[in-house]
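The values are calculated or read from the model by the stated rules, or taken from the named source; none is laboratory data. All values reported here derive from a predicted model rather than from experimental measurement. Positions of Cβ are backbone-derived with ideal geometry, glycine not excepted, and every protein chain shown enters the neighbour counts. The area values use the complete protein model at the heavy-atom level, side chains included, leaving out ligands, DNA and RNA. Shrake-Rupley method; radii C 1.70, N 1.55, O 1.52, S 1.80 Å.
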Amino acid sequence: MTAGLATAPRSRAGPNRYRGGWGWWVAAGIALLPALIPPVSLLIQVLGSGTALAVPPARLAELFANTILLTAAVTVTALAIGVATAWVTTRVDLPFRRGWMTLAALPLVVPSYVAALSLIAATGPSGVLFEVPTPYGFVGSWLILSIFTAPLAHLTIIPGLRAIDPATEEAATGLGAGRWRVFATVTVPQLRPALVSSGLLVGLYTVSDFGAVSLLRYDTFTRAIYTLYRGQLDRRPSATLSLILMALAIVILVVERRHRSRAMMHSQRPPRLRRLISPRRSGLVLSLGLLAVYAFVSLGIPIYVMTATVMRGVAFGQAIGGTLATEAFRSLALALVAALVIAIAAFPVAMVVTRRPGRLSGWVESVVWGTYSLPHITVGVAAVGFALQWARPLYQTLIFLVIIYVAIFLPQAAGSIQDSLRRASPDLENASRGLGHGPVATLLRVTLPLALPGLLAGTALVFLSVMKELPATLLLRPNGFETLAIRIWSSTAEGFLTRASAAGLVLLVASIVPLFVVMTRELSD
Amino acid sequence: MRRVIALALLGTLVLTACGPSGADTEGPLVVYSGRSEELVAPLIDRFEVESGIETEVRYAGSDELAATLLAEGEGSEADVFFAQDPASLGVVAEMMSVLPDETLSLVDQQFQDSGGRWVGTSGRVRALAYNTSTDIPLPETIDDVLDPAWSGQLGIAPTNGSFLAFVAAMILERGEDGTRQWLEALAANDPVDFEGNAPIVEATDSGEIEGGLVNHYYLLRLRAEGLGQNTENHFIPGGDVGSLVMPAGVSILSSTARPEAAQQLVDFLLAVGAQSYFATDTFEFPLIDGVAQPEDVPPLVEINAPDVDLSELADVLDLATQLVAEAGLV
């Protein structure tokens, strides 16, 4: 144990309590403010002008059922894919391991409707690959969303795997358990917090997705909400449905919290460097095969479809668009800045949730995850209303846009940071304080390094998500500030296929390098 | 981690460089454009060069921009609203100033607001894009698309602004009940849902469906991309809303700080140069005299367009959306 270390007196509140002060609550409160804008706006709207149900209750129940079915199915498969890719790229000694790790995360940057378009182009009538009876409906939606949200799980589980004490697995192996048994009985239980975070991220993202389900013609709640925003100036129906959706998300979160493991998973000693598995030929083939198939389906097919479109168009004299370089720079700059801001904002929220579990931190989580589940158009419209009413100077500025990104994407960073913090015993922080270090020093020298893997994973997640974000960006951006995501959407809608595909390819290429940089050693090794 | 922070700081630098230039003391001319950047950016660039007026454009959907303008109210920074359809223009007509007679007289009465608050800039016609190998007889009137032969084979975009404007025009033509009946019959005929007009034409071309209700120029756009060989436009000859002509249009906000510059842009859009651009580059119908019609389309005068007062479209737009939803099309 920690003999020889002067231990600070344990807080009376229990072994998981942290002696830190109210500073974290204040910081968490500030970080929370953006996430409050949409629900408060919606509530004010509904309380002011009343609710309106433009959709008959029977249809509403049908949309509900469709949404739940899709969410459950996607969560299971996306998690399965994510765990597989995370495990293989963290534990197995592969050639170009970090490269494969990056490639497995990259599909998150593909907007869901682009993914759906690629599927249709590849498998529909006159498709380039093979024809399936129909790529539309539940099966297509389930497939596309699973494949393209798996990176949410992949990036969240990597730091989780890293933190598992190798001794536990080695002990099991030493006692005679086979590879799969060790995985199921030792690894997975310790991965539980990361699995739960991943499940929430994937599930609530699926609830809010519009791009894929609209193209693949699967009727979900969010699709109905988007429809209500079109061609109608009365915002009450959309506000009503959005609030119902948010309530659904909070119910899911409350259920999860009730079952959340209170187990102490603190490692009592510093994580030992783990030796990677050197696979035999069969293992190598299996691992690389898995990664290659996933890369082919998630990246290879869209790239092929987009490249074919560009080549055909250019042969016909179509331009690929002179604004691509500017738009790429803008997207990258915005995404990088937002990723950093959100990682910083998520930190106090994660601290409060892990170190001070209780009713208040429960409320914090509900707001943050609840807003995450809202369709982005709802958030955007609420934000515009808020800015016009209360913050006119901020209207149509980049600062406000980043603030709203905080509202939307906070859980992606908070989830991973939470997992990293849960691993680390608060004793370490208490000990640091007990030894005389001030709160800032403790933060910098103890807490931050412990949370670093989670911070990096969260930064990567947010970076990719902001690169492809569309509805809120459209509503809140300054005039003339076009991003790659906006270019892809606008060109696709108007039939400028060459320009749309060129922009899509640029989006992928532009995202690889920053992503690779973030996948540093601190994240996975 | 340090590399990540360095990248982020670089990003901040780039972002601040993207801020407003502030060079023009008067501020740029702010245009809210419901017409996409791909279509109109070359035109705006030309305007900037010819007039020397710095222009800033906000691109988004016409209906969304109309809602934004309403929300922004008097304090809106926008000077000009350039929209894709008359319904969006009508929704915000009260915020617009009346255009001068010289401008309004350039364009036919039916392609402008009855109160003079917006003027059409180019004509867009509803059409049925169909696959040339289809056996289904082409419709003579809009009711012919309700024929069981079209079951499961007709593409529509029920959330698209042009479709909603088409339904709104139908309400003006045959009243609420007549429109409801038509929409319900359409829903019963199993139409195929799409997000927009371009996907409908693409699906028609690939053989996924036999045809769909679109705007005429999407086929021509597709042909420019190297596709579209299997598809043709059919202009419904019955004289009903099946061949509705919907002009894109422009209006000037009465709260504008730059009325002369705004007027210059309107004049530019109605001049021969811009009108020819619409004909040759976006495949739309020019609305002033003396400009050649676009290729591969029948002349506007030959299309039996219905006699609908476009100024009234905005009044029935909400009803149109409601009827579409009630019919179960969305």
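Please determine whether any residue of the stretch A:194-208 is among the aromatic types (Phe, Trp, Tyr), closer than 27 Å to residue A:374 by Cα and part of a helix (DSSP H, G or I). Even if it seems obvious, please write down each step before you answer.
Filtering the stretch A:194-208 for residues among the aromatic types (Phe, Trp, Tyr) gives A:205.
Those still in the list that are closer than 27 Å to residue A:374 by Cα too: A:205.
Among the residues that remain, those that are also part of a helix (DSSP H, G or I) are: A:205.
Within the stretch A:194-208, one or more residues are among the aromatic types (Phe, Trp, Tyr), closer than 27 Å to residue A:374 by Cα and part of a helix (DSSP H, G or I).
Exactly one of (1) more than 14 Å from chain A (Cβ to nearest Cβ); (2) open to solvent by 10 Å² or more (accessible area, probe 1.4 Å) is unmet by residue B:63. Its number?
Condition (1) is where residue B:63 drops out.
It is to be established whether one or more residues within the stretch A:385-396 are under 22 Å from the mean Cα position of the chain (by Cα) and either open to solvent by 10 Å² or more (accessible area, probe 1.4 Å) or more than 27 Å from residue A:519 (Cβ to Cβ) (or both).
As a first pass, look at the stretch A:385-396 and keep what is under 22 Å from the mean Cα position of the chain (by Cα): none.
Scanning the stretch A:385-396, I find no residue that is under 22 Å from the mean Cα position of the chain (by Cα) and either open to solvent by 10 Å² or more (accessible area, probe 1.4 Å) or more than 27 Å from residue A:519 (Cβ to Cβ) (or both), so the answer is no.
Within the stretch A:435-525, which helices (runs of 4 or more DSSP H) (wholly inside it) include 2 or more residues that are crowded, with 24+ Cβ neighbours inside 10 Å, of a type outside the set (Ser, Thr, Tyr) and more than 12 Å from chain B (Cβ to nearest Cβ)?
Filter on the stretch A:435-525 gives A:448-468, A:484-494, A:497-518.
Just the residues that are open to solvent by 40 Å² or more (accessible area, probe 1.4 Å) and either of a type in the set (A, V, I, L, M, F, W, C) or outside any helix (DSSP H, G or I) (or both), please, taken from the stretch A:67-115.
A:68, A:69, A:72, A:76, A:80, A:81, A:87, A:93, A:95, A:96, A:100, A:103
I'm told residue A:60 meets every condition in (1) surrounded by fewer than 20 Cβ atoms within 10 Å (Cβ to Cβ); (2) over 20 Å from residue A:203 (Cα atoms) except one. Can you identify the failing condition by its number?
(2)
Going through A:346, A:350, A:292, A:308 one at a time, which residue ends up being part of a helix (DSSP H, G or I) and either among the acidic types (Asp, Glu) or within 13 Å of chain B (Cβ to nearest Cβ) (or both)?
On the way: A:346 fails: either among the acidic types (Asp, Glu) or within 13 Å of chain B (Cβ to nearest Cβ) (or both); A:350 fails: either among the acidic types (Asp, Glu) or within 13 Å of chain B (Cβ to nearest Cβ) (or both); A:292 fails: either among the acidic types (Asp, Glu) or within 13 Å of chain B (Cβ to nearest Cβ) (or both).
Answer to the check: A:308.
Here is a yes/no grid of residues against (1) closer than 24 Å to residue A:114 by Cα; (2) of a type in the set (Gly, Ala, Ser); (3) more than 16 Å from the chain's Cα centre (by Cα):
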{"position": "B:148", "(1), (2), (3)": "no, no, yes"}
{"position": "B:193", "(1), (2), (3)": "yes, no, yes"}
{"position": "B:215", "(1), (2), (3)": "yes, no, no"}
{"position": "B:222", "(1), (2), (3)": "yes, no, yes"}
{"position": "B:243", "(1), (2), (3)": "no, yes, no"}
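Yes or no, residue by residue, for (1) within 14 Å of chain A (Cβ to nearest Cβ); (2) among the hydroxyl-bearing types (Ser, Thr, Tyr):
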| position | (1), (2) |
| --- | --- |
| B:104 | no, no |
| B:120 | no, no |
| B:133 | yes, yes |
| B:143 | no, no |
| B:151 | no, yes |
| B:168 | yes, no |
| B:187 | yes, no |
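Do we find that residue B:280 is within 14 Å of chain A (Cβ to nearest Cβ), modelled with pLDDT under 90 and either on the phi > 0 side of the Ramachandran plot or in a helix (DSSP H, G or I) (or both) in this structure?
Details: within 14 Å of chain A (Cβ to nearest Cβ): yes; modelled with pLDDT under 90: no; either on the phi > 0 side of the Ramachandran plot or in a helix (DSSP H, G or I) (or both): yes.
So residue B:280 does not fit the description; no.
Would you mind finding the one in B:236, B:200 that is open to solvent by less than 10 Å² (accessible area, probe 1.4 Å) and within 12 Å of chain A (Cβ to nearest Cβ)?
Details: B:236 fails: within 12 Å of chain A (Cβ to nearest Cβ).
The unique qualifying residue is B:200.
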